[in-house]
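Participant: Dumping the structure here so I can ask a few things about it.
The values are calculated or read from the model by the stated rules, or taken from the named source; none is laboratory data. All of these numbers come straight from a predicted model, not from anything done at the bench. A quick note on method: Cβ atoms are made from the backbone with ideal geometry, for glycine too, and the neighbour counts reach across all protein chains shown. Protein only, heavy atoms only, side chains kept; ligands, DNA and RNA dropped before computing areas. Shrake-Rupley method; radii C 1.70, N 1.55, O 1.52, S 1.80 Å.
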Amino acid sequence: MSSARRQLHLNLFLMGVGHHEAAWRHPRTDPSRLSDIRYFQELAATAEAAAFDSVFLADGVEGPTPGANAWVSHFEPFTLLSALAVSTERIGLIGTVSTGFTEPYNLARQFASLDHLSRGRAGWNIVTSAGDRAARNFGRSRNQDHATRYQRAAEYLEVVGSLWDSWEDDALLLDRATGRVTAPDRLHEIDHRGEHFQVLGPLNIPRGPQGHPLLVQAGSSEDGRDFAARHAEAVFTAQQTLDEGQAFYGDLKRRAAALGRDPGGVVVLPGVVPVLGSTEAEAKALDEELDQLINPARAVGTLSTLLGVDLRDHPLDAPLPPLPPVTAINGAKSRFELVRDLAERDGLTLRQLIGRLGGGRGHQVLAGTPEQVADHIELWFTQGAADGFNVMPPILPEGLDLFTEHVVPLLRERGLFRSEYQGTTLREHYGLARPANRYTSRRATELSNF
């Protein structure tokens, strides 16, 4: 595809009343609406009116530590995305589900159901889930090590893909004359027997409109990059500088090519937190206002868990103490490295670090005018650091409204973003082909060799 025709991809990352950790304390947000489905339907409608590729929901499987004053998640993704499927028509619907604490048969069925309900707009953000607290909700004393989690995830993907293909596209007959519901030779028991899973199949729902829902991944560790290069079709990532963005982008595309994949079939979407104002001073004032609302004790507790060091008694105005090597981290290795490098590169104190992370947990925070934000997006897009962006408004709904009303028109004027949808499925939005059914392909190969 020529560079003149290349278009940005924009995904709306839905997170409570905004991505700044103190957004719920800001007077222009209403956290009481987080149990109201109409709130999320309105946000999705705003993104769809702007022709965003997709909306995305993060998720976790552990509750807050008692007394930690942590945020509460109200809805799990399948429930909420199913509701959004019937209130929208074109925008993609991406949900996070862990391979660590679910079974592939149930997940394959749920995503196939969402794909049918939405007429081909489902996407799965694949996570392996770090942390021992999550494991203790599922009958385990501690989580698996980092490498094992990714090995399990790879086998999980193999099972899920086979299940989605267990119904060939012409398997469902519904032939009233003969009484045949399905074609027996088009419906397959996968009979998977692996290290982590044993699954007979077939799935109990026909193949979805997209064949396979879009596969999304967000890890940037060595294991995460290898996994993304092999399996992912869109990658959510976090880099702080253009050089870092270009290095990650180039590395991931090279890994995909080395595995025989088309690098263009892996869409890289860094996160960006646009703090917008009519002037740069106005935007920076909002950014500072939000930072002043951060609860230091909560932020330090979260950072302690991420870095593997208890910082609760560490002076706020001192640099970080010595950190363990990344090899000792059994959690989110890539996020550990990002935070460590940010603190070292910019010489940040603990207080400054929690302020920098409060806006986007390590994603780029852009405080400026719509023109400045559009300039940044264009630079990364044209200089080999991004195929689009995971848009993370600091406060909602205001931040999304400002982005769609003032930044999106600038991107369109520059020929960087569509004015309307060109397709109907999430795969079509991302310019990705519908996967061939493995059983159909295998039979065609066998016939051609006969």
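Participant: For the subset of region 225-259 comprising residues that are closer than 19 Å to Phe56 by Cα and small (Gly, Ala, Ser), which member is nearest to the chain's Cα centre (by Cα)?
Facilitator: Ala234
Participant: Further question: Of all residues in region 146-171, which are touching a residue at least 24 places away in the same chain (Cβ under 8 Å), open to solvent by 70 Å² or more (accessible area, probe 1.4 Å) and either assigned to a loop (DSSP other than H, G, I, E, B) or of a type outside the set (S, T, N, Q) (or both)? Let's see the steps before the verdict.
Facilitator: Kept after step one, since they are touching a residue at least 24 places away in the same chain (Cβ under 8 Å), are these residues of region 146-171: 146-147, 149-169, 171.
Then keep just the ones that are open to solvent by 70 Å² or more (accessible area, probe 1.4 Å); that gives 151, 158, 169.
Glu158, Asp169, listed by residue number.
Participant: Let me spell it out: the conditions are (1) over 17 Å from Gly219 (Cα atoms); (2) modelled with pLDDT under 90; (3) not aromatic (Phe, Trp, Tyr), and Pro263 meets all of them except one. Which number is the exception?
Facilitator: (2)
Participant: Step by step: first the residues of region 205-241, then only those that are closer than 15 Å to Tyr156 by Cα and assigned to a strand (DSSP E or B), then the one that is most open to solvent (accessible area, probe 1.4 Å). Which residue is that?
Facilitator: Leu215
Participant: Here's a follow-up. Quick one: which helices (runs of 4 or more DSSP H) lie wholly within region 377-450 and hold at least 1 residues that are farther than 25 Å from Leu215 by Cα, at pLDDT 95 or above and out of contact with any strand residue (DSSP E or B) (no Cβ under 9 Å at 6 or more places or on another chain)?
Facilitator: 398-402, 408-413
Participant: I need a count of the residues in region 180-196 that are within 17 Å of Ser441 (Cα to Cα) and within 29 Å of the chain's Cα centre (by Cα).
Facilitator: 1
Participant: Yes or no: Ser141 of a type in the set (Ser, Thr, Tyr) and more than 24 Å from Ala234 (Cα to Cα)?
Facilitator: The answer is yes for Ser141.
Participant: If you don't mind, there's one more thing I want to ask. Within region 31-63, can you find the residues that are open to solvent by 30 Å² or more (accessible area, probe 1.4 Å), touching a helix residue (DSSP H, G or I) at 6+ places or on another chain (Cβ under 8 Å) and of a type in the set (Asp, Glu)?
Facilitator: If the condition is that a residue be open to solvent by 30 Å² or more (accessible area, probe 1.4 Å), touching a helix residue (DSSP H, G or I) at 6+ places or on another chain (Cβ under 8 Å) and of a type in the set (Asp, Glu), then Asp59, Glu62 are the ones that fit.
Participant: Another question, if that's okay. What are the residues in region 242-255 that are closer than 17 Å to Arg361 by Cα and open to solvent by 30 Å² or more (accessible area, probe 1.4 Å), if any? Steps first, answer last, please.
Facilitator: Applying the first criterion (closer than 17 Å to Arg361 by Cα) to region 242-255 yields 244-245.
Selection gives Glu244 alone.
Participant: Please tell me if Val300 is in contact with a His (Cβ under 9 Å, 6 or more places away or on another chain), hydrophobic (A, V, I, L, M, F, W, C) and in a helix (DSSP H, G or I).
Facilitator: When the stated conditions are applied, Val300 passes them.
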